[in-house]
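Comments concern the structure below.
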Amino acid sequence: MSKTIIISNRLPVKITEENNEYQLKVSEGGLATGLGSVYKEGNNIWIGWCGLDVPKSEEPRIKNKLAKENLAPVFLTEEEIHLYYEGFSNETLWPIFHYMSTYAQFEQTYWDSYKAVNEKFKNAVLEFAEPDDVIWIQDYQLLLLPGLLRDELPDATIGFFQHIPFPSFELFRLIPWRSELLEGMLGADLIGFHTYDDVRHFTSSATRVLPIQTSANIIHKEDRNIAIDAFPMGIDAEKFSALPKTSKVMEIINHYNEILGDVKVILSIDRLDYSKGILQRLAAFEKILLENPKYVEQICLHMIVVPSRDTIPQYSELRDNIDKMVGNINARFRTTSWNPIQYFYRSFPIEELSALYNKSQICLVTPMRDGMNLVSKEYIASKTDNSGVLILSEMAGASKELVEALIVNPNNLEEMSQAIIQALEMSEEEQQCRMTSLKQTVTKFDIKHWVKVFMDQLKEAKETEKSRRARHVNKNLLAEFSTKMRSAKKRALFLDYDGTLVNFKANIDDASPDRELYQLINKLSNDDRNQVIIISGRKHETLEQWFGHLPALDLIAEHGAWKKSGTNDWEETPNLSDKWKVNVRPMLESYSDRTPGSFIEEKRYSFAWHYRKVETGLGELRANELMSNMRYLTREMGLQLLPGNKVLEVKNAEINKGKATLEYLHNKQFDFIIAMGDDHTDEDIFTAINDVAITIKVGTSISEANYYLRNVEEVRNLLNSL
Ligand code: GDG
């Protein structure tokens, strides 16, 4: 039976040593809770660093202890932790991914170690993995792992989730090892991020850095499809809403009520990190005290900063700056009975956190960048009476879901301090209204929901891939086709040209047939039982130039507007009009003038607007614009818009390759028909003759064809073997 393997940098437990015995304590983090229901079942397992630097002799004991809990350790040396974790993960990737490029270190030793440790994780996974297993890799410390595992287990089901933002291409491109990182991630079948913005950024980086194609949220890479999607992570809402009702938490709440009286608490909880906007938050609070003396002794900022990564210079510097700023604000505004800021540089038990969430009037979550931010969701779930106001930075992934919060730009001090005042003055009714909605979101989209949706989609992506692969022409199918062909007396072979018989070239005129292709076509055509038909969107003049001299070949050009049988003359499809061109030409010309690198190819009954040499992204943008601008024209004039590979074609709606194929077959008797194509336009052929022919899609995108081949080389091999 297949099992699920979860892999993260850290295991979801803390290991301590007491009286020469190792003790395990399950972490309280959301991921540990959410995936707890998964890894503890059956043979499933969670693999990760055990958090300790132990002597080799101790490794077996730790392994045994963890194995009982379905956990498996990866042992990292102190040097690896320094170079791979603190170094590459937290001094290179973290700042770039959080838009703080000036903090990023591009050290070769960091990168070398990152690669080596990802290999180490790969070996740890291979100890357990079997071909049918579902593998789910977590976060930015393991970006190379999906690719490394894919090389070893080509058919495995691999999911990857990144918990931090994916930056825009302009930031990501700065990393010297950007291609390797993307190649690594694309080893997965499904890549998940918290928000759609991350999905967009990832896809745009991948298409700019690597030679890959995309359609909607699918990346086509070599012969694999990879799905990219947004899965906003939730929390264990049930746990956080139940906690304040426990006697332990109620006791803490009562204690706070006693010592704080009517002072309104503004809560702030973060790990120590420059991405969390802690200094900016302090500045906004200071501004309120400066400008609104009425709040003196009325409000208090309760600020918890959990120690983190303080071996890294920027972090210790940040800690010092927080110390200074808190000291300064407290010194200036305090009274003998009141401190404006209660600052704690340590972590607290979850009960303490729950009491604070429940007690606070305002939760101030204003990161400069955050993948999601779970504190904001925990605050909402903990508000048992639906009072309180969440102030949330628009730079946190959570802001995309928690729209009833007061959303602020953390760089805008004025806006932040106004939001705090608005929250302090907000009516009970409005608080209830906002909080009720927020709670519905947090309760419905909780951590269990997140795990389920990701897992379901991973399985679905794999199933779709499997069924596509099952349609790939393998040796057995080829033998079957050959047998059918051998026993047939009259055979038709419909072959698309660009992308099927020859590869794409930057210059459309460079894609002329090579010697090998001529030999192949001649070989096929020399057999009287075979009729080869080249069916293309190309101009008839071009097909004439390339194939006109081959007497046994039939040609269909311009998607069916022109036909030629053997040595006969070219025939035009009757009654086609080209009057519409007068109206369409100026529009295409204006787009060409505005888009360097694009050009118009004029055919008798169509125009093709090519953008294969246009800056990535701009071409697609203009093509989309052009499509929506032309929509009314095309409807009125009976035209069809065909988006292709870096080309947008406008043609008479009456002609298409499907119709042309059916017309060609009319009154002819063939007992074997095969059709191959790579493009949108070839789908019309497949739909038209699927039930009487062997139809083959070249590439990996979803198709009506019955079978698949990966590329031009495979097409030529197949034709040779037939
Ligand atoms: C990364 C991404 C993304 C905090 N103080 C204490 C404590 N905490 C707990 C909170 C919360 C967690 O730590 C912090 O989670 P965040 O989501 O806010 O931030 P990161 O640690 O940076 O997490 C982030 C997340 O991954 C998940 O994908 O949301 O964007 O950066 O759960 O409750 N817990 C205890 N004591 C504390 O003092 N017990």
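The values are calculated or read from the model by the stated rules, or taken from the named source; none is laboratory data. Values in this document were obtained by computation on a predicted structure and should not be read as measured data. Don't worry about glycine lacking a Cβ; one is built from the backbone with ideal geometry, like all the others, and counts go over all protein chains shown. Side chains are part of the model used for accessible areas, which takes the heavy atoms of the whole protein and leaves out ligands, DNA and RNA. Shrake-Rupley method; radii C 1.70, N 1.55, O 1.52, S 1.80 Å.
The figures follow:
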| read-out | value |
| --- | --- |
| All-pairs alpha carbon distance profile, region 549-616, 5 Å steps from 0, percent | 3, 14, 19, 16, 14, 13, 11, 7, 2 |
| Between 0 and 90°, nearest 10: helix 413-425 axis offset from the chain longest Cα axis | 60 degrees |
| Compactness index (Cα Rg / 2.2 N^0.38 Å), region 100-151 | 1.36 |
| For residue 698, residues with placed amide H under 5 Å, excluding near neighbours | 677, 678, 709 |
| Virtual spin-label span in nm between residue 585 and residue 514, 7 Å along Cα→Cβ | 3.8 nm |
| For region 581-652, accessible area per residue (1.4 Å probe, heavy atoms of protein chains only), Å² | 46 Å² |
| Cα-based helix-to-principal-axis angle, 447-470 vs the chain, degrees rounded to 10 | 20 degrees |
| At q = 0.11, 0.12, 0.16, 0.17 Å⁻¹, base-10 log of I(q)/I(0) for region 4-230 (Debye sum, equal scatterers on each alpha carbon) | -0.55, -0.65, -1.15, -1.28 |
| Rounded D (µm²/s) - region 509-623, Kirkwood Rh over Cα pairs, Stokes-Einstein at 20 °C, 1.002 mPa s | 132 µm²/s |
| Alpha-carbon radius of gyration plus Dmax, which is the widest Cα pair, for region 17-113 in Å | 16.5, 47 |
| Pair residue 220, residue 196: separation of 7 Å Cα→Cβ label points (nm) | 2.4 nm |
| Inter-probe distance in nm under a simple model that places probes 7 Å from Cα toward Cβ, at residue 440 and residue 245 | 2.1 nm |
| Overall form of region 285-422 per C-alpha gyration tensor (a/c, 1.5; a/b vs b/c) | rounded |
| Region 97-251 - Debye-derived log10 I(q)/I(0), Cα point model, q = 0.11, 0.12, 0.19 Å⁻¹ | -0.50, -0.58, -1.19 |
| Of all accessible heavy-atom area on the chain, the percent that carbon and sulfur account for (1.4 Å) | 48 percent |
| Antiparallel %, DSSP beta bridges [both residues in the chain], to 5 | 35 percent |
| Computed P(r) (all Cα pairs; the chain; 20 Å bins; percent) | 15, 38, 29, 15, 3, 0 |
| Rounded to 10°, Cα long-axis angle of helix 196-209 versus longest principal axis of the chain | 50 degrees |
| Semi-axes of the equivalent ellipsoid for region 581-652, Cα gyration tensor, largest first, Å | 19, 12, 11 |
